[in-house]
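Reviewing the structure listed below.
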Amino acid sequence: MMDESFLEYIKSQIVPQYEQFDKAHNLGHVQEVMSESLNLAKRYGANPMMCLAIAAYHDLGLKIDREFHHLHSGEILMADPYLTRWFSPEEIATMREAVEDHRASAKNPPRSLYGKIVAEADKNLEPIYTIRRAVQYGIAHHPDESQDWHYGRVKEHMLEKYAEGGYLKLLLPQSTNADNLKKLQAIIKNESELRNIFDRLYTEEKGDSR
């Protein structure tokens, strides 16, 4: 059972901050990461309140900058005095490390099970969802570029991060990501399929952004 005051604080004070972020990191995203973190906490015997807090804070640093948002997010979590109502200093330190370690491009693996859980929960690799997030990010940050330019950026991102040999690494075998990554890699290998999916999603997202 979770403390109701903790749940209310996360729901009313932390999660709404994601309304200011782009579509790839908005309310829907943080809610998905929170949900999957709780699923993984149950599977691996982790503290569900800690997992929920880590997920809720993991991208808050985006309001400072993107490049180091994982570090800023950890600082924001560590500096929140309300968390001391529900967690010990040791638990808060572990949560900060987990938030700092969630980024897929990190050179070193997460330092704890909690870091692995949020990093894995942050990787919803359902192929269309993953490609759509890349399209959304490009439109939000480079709205004046051409459709071909956006396709080139998405293709490069897919190859660098998700293709065989890409930097994304799966951390927990009991997550849903392994099968989805294989499906996504098959799409990446088939450039005509990737382009067709991109064009459809780009048209949909450009329509939504007007």
Within the range 139-175, the residues that are polar (S, T, N, Q), surrounded by fewer than 17 Cβ atoms within 10 Å (Cβ to Cβ) and within 19 Å of His102 (Cα to Cα) are Gln174
Tell me whether the range 145-167 contains one or more residues that are in a helix (DSSP H, G or I), under 15 Å from Lys23 (Cβ atoms) and at pLDDT below 95.
no
For the range 186-200, does any single residue satisfy the condition of being assigned to a helix (DSSP H, G or I), modelled with pLDDT of 95 or more and either under 19 Å from the mean Cα position of the chain (by Cα) or closer than 28 Å to Arg43 by Cα (or both)?
no
Checking Phe21 against (1) surrounded by fewer than 22 Cβ atoms within 10 Å (Cβ to Cβ); (2) among the aromatic types (Phe, Trp, Tyr); (3) touching a Ser or Thr at 6+ places or on another chain (Cβ under 6 Å), only one condition comes out false. Which one?
(3)
Unique match (being buried (at least 17 other Cβ atoms within 10 Å of the Cβ) and β-branched (Val, Ile, Thr)) among Ile131, Ile64:
Ile131
In the range 93-120, residues that are in a helix (DSSP H, G or I), open to solvent by 10 Å² or more (accessible area, probe 1.4 Å) and among the hydrophobic types (A, V, I, L, M, F, W, C) total 2
Tell me whether the range 135-152 contains one or more residues that are of a type in the set (S, T, N, Q), free of Cβ contacts under 8 Å to residues at least 12 places away in the same chain and within 26 Å of Asp65 (Cα to Cα).
yes
Here are Ser73, Ser12: which of them is more than 12 Å from the chain's Cα centre (by Cα), open to solvent by less than 20 Å² (accessible area, probe 1.4 Å) and either modelled with pLDDT of 95 or more or farther than 19 Å from Lys123 by Cβ (or both)?
Ser73
Out of Ala79, Ala41, report the one residue that is buried (at least 20 other Cβ atoms within 10 Å of the Cβ) and not charged (D, E, K, R).
Ala41
Pick from the range 179-210 the residues that are in contact with a Phe, Trp or Tyr (Cβ under 8 Å, 6 or more places away or on another chain) and within 17 Å of Glu160 (Cα to Cα): which of them is most open to solvent (accessible area, probe 1.4 Å)?
Arg195
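The values are calculated or read from the model by the stated rules, or taken from the named source; none is laboratory data. Note that the coordinates shown come from a computational prediction; the quantities given were computed from them, not determined experimentally. Cβ coordinates were reconstructed from backbone atoms using ideal geometry, including for glycine residues, and neighbour counts include every protein chain displayed. Just so you know, the surface numbers come from the protein's heavy atoms only, side chains and all, with ligands and any DNA or RNA stripped out. Shrake-Rupley method; radii C 1.70, N 1.55, O 1.52, S 1.80 Å.
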